[in-house]
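Below is one structure; the comments refer to it alone.
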Amino acid sequence: MRTRSIQFRLTVWYALVLAGALTLFGGLVWISLRQRLTSELQENLRDSASRFEAYMRREVREVSGLELKVEMEEFCQALPDSSYLELRGSRGFEFRYPEQRRPDRTLQTVRRNFQIGQEDFTLDMGTSSAAIDHTLNLLGILLLTLFPAVIVLACAGGAWLSRRALKPVDEITAAARAIGIENLSRRLPVPDTGDEIERLAEVWNTMLARLESAVTTLSQFAADASHELRTPLAVIRTSAELALRRLREPEAYRESLAEVAAEAERMTQLVEDLLFLARSDARTVGLPLAPFDLRDAVRDAVAEVRDLALNRHMEMRLTLPPDPVTVTGNRAATRRLYLALLDNAIKYSPPARPVNVTLTATAQQITVAIEDFGIGIAATDLPNIFQRFYRADKARTGSLDGHGGHGLGLSLAETLARAHGATIAVKSVEGEGSVFSVSYPQA
Ligand code: ADP
């Protein structure tokens, strides 16, 4: 049978242990009392026997025959009730007290042999142990009735105690059962007991807080993502609807389709970034890692934005060390990281400003710095720019040549850097420019 509760099991165990202890205790008390009383009785008997012997020795010298027996009877009358005495001599002397030996089942007896003159005597004395038996019976009855009562009382007390101790567990269980994804802000009641249960409740509450913040981040992410996807979708829809409103020249259709294609491209990029971030949230990025020359990855990224930079008459100044700079990581992901930073440097600079890309390797660390002389970042925005979907107001409104981002670039870059054990730092002065530097610790 499976027991239903800790309280039940505790009480049963408690009762069993208590019953065992009480039985042992009662048994020991009973046995040692019997031992004690019996040996006292024996002691008394032996004492009486030796007194009788002494008495006889004295009397035999003085009286004889019938008179002796009368004297002996007098002696015997002084013995405790239900005692008997039997004396036999080797020359036929016989004395019995009382005349008719009472049948008594429980008897304690002693025998004493002695010699007076030429005659050997055997003295048997006995007394009933009924008084002892009576006392022991009383004790037994007392113990047998008292113990169950004590056990019942103790169990009731134990059950009450354990119920009190475990009550917070029931409360916590009930509270935990009521918590779901819809009310994650609820917390478990923390009993003010300073014990294991209080600590358990506290640990659960911190876990709930972590879960709550993770769920909030996730749902915020989902909401932001849907919101971001609405804009390109709306553009695509309006372009298509406008184009379909009446018959047009092929050139007009071409324009509309180009617009649709451009928006679709933007959406694709956005969805890819989202997917990547979602996957890295689930820690299933699983990027294949291999050693490669960091100079190559940086060069690739710069080459990719070269056209964009040329369009805006911006010069890309690339400074690389002469020797290979080997890092272990994923080369495609690294290119993606620098693409995000370079893209920003170009997007957030007015035309004709240069961008400096510098790779330096010291014994301690490898640093890639991307420096622009663009609009810079306000001090109030700096702490937030790595958050997903965060865009500074300037970037939002002053749509610099229409290069609108989604606010995911830096968040992605940071995730990628972290996956490589690298960190991203930023220095920026509003209106003067920014430096983003990615640092890898040297293995
Ligand atoms: P976005 O898609 O808007 O570029 P990012 O995550 O790449 O998103 O950047 C977040 C915000 O940080 C940008 O909106 C912009 O306000 C700011 N920012 C990033 N890089 C630069 C930079 N080089 N110069 C000025 N502002 C920048």
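Rounded to whole numbers, the Karplus 3J(HN,Hα) couplings from phi for region 134-144 are 4, 4, 5, 4, 4, 4, x, 4, 4, 4, 5 Hz, using 6.51 cos²θ - 1.76 cosθ + 1.60 with θ = phi - 60°, and x at Gly and Pro. In terms of the Cα gyration tensor, with a ≥ b ≥ c the square roots of its eigenvalues, is region 1-141 rounded because a/c is under 1.5, prolate because a/b exceeds b/c, or oblate? Because a/c hits 1.5 or more and a/b exceeds b/c, region 1-141 counts as prolate. Residues considered: 193, 268, 106. Largest GNM mean-square fluctuation over the chain, using C-alpha springs under 10 Å, is found at 106.
Mind checking the angle between helix 331-347 and the chain's longest principal axis? C-alpha axes, 0 to 90 degrees, to the nearest 10. The angle comes out near 50 degrees. Working note: Debye formula, equal point scatterers on the alpha-carbon atoms of region 196-281, no solvent; log10 I(q)/I(0) at q = 0.22 Å⁻¹ is -1.00.
With θ taken as phi - 60° and the Karplus curve 6.51 cos²θ - 1.76 cosθ + 1.60 applied, the whole-hertz 3J(HN,Hα) list for region 264-275 is 4, 4, 4, 5, 4, 4, 4, 5, 5, 4, 4, 4 Hz, x standing for glycine and proline. Using the alpha carbons alone, the radius of gyration of the chain stands to its Kirkwood radius in an Rg to Rh ratio of 1.60.
In this structure the amide hydrogen of residue 120, modeled in the peptide plane, comes within under 5 Å of the amide hydrogens of 90, 91, none closer than 5 places in sequence on its chain. Put simply, the amide H of residue 365, placed in the peptide plane, has neighbours under 5 Å in 442, leaving out anything fewer than 5 places away on its chain.
Converting phi to 3J(HN,Hα) with the Karplus coefficients 6.51, -1.76 and 1.60 and the offset θ = phi - 60°, region 367-372 yields 10, 10, 10, 10, 10, 10 Hz in sequence order, with x at every glycine or proline. Protection proxy ranking for 324-330, 432-438, 381-387, 205-211, using the average of other Cβ atoms within 10 Å per residue and placing the highest first: 432-438, 324-330, 381-387, 205-211.
Computed from Cα positions, the angle between helix 409-419 and the longest principal axis of the chain comes to roughly 50 degrees. Surface composition of region 5-150: carbon and sulfur make up 57 percent of the accessible area, probe 1.4 Å. As a length-normalised measure over Cα pairs under 8 Å and 6 or more apart, the relative contact order of the chain settles at 9 percent. Rolling a 1.4 Å probe over the protein heavy atoms gives region 185-255 an accessible area of 76 Å² per residue. Reducing region 10-84 and region 334-398 to their Cα centroids gives an inter-centroid distance of 109 Å. Rounded to the nearest 10 degrees, the angle from helix 6-62 to the longest Cα principal axis of the chain is 20 degrees. Residues whose amide H falls under 5 Å from that of residue 188, counting only those 5 or more places apart or on a different chain, are absent, with hydrogens built in the peptide plane.
The values are calculated or read from the model by the stated rules, or taken from the named source; none is laboratory data. Everything numeric here is computed off the predicted structure, so don't read it as measured data. Reconstructed Cβ throughout: ideal geometry from the backbone, glycine too, with neighbour counts over all protein chains shown. Side chains are part of the model used for accessible areas, which takes the heavy atoms of the whole protein and leaves out ligands, DNA and RNA. Shrake-Rupley method; radii C 1.70, N 1.55, O 1.52, S 1.80 Å.
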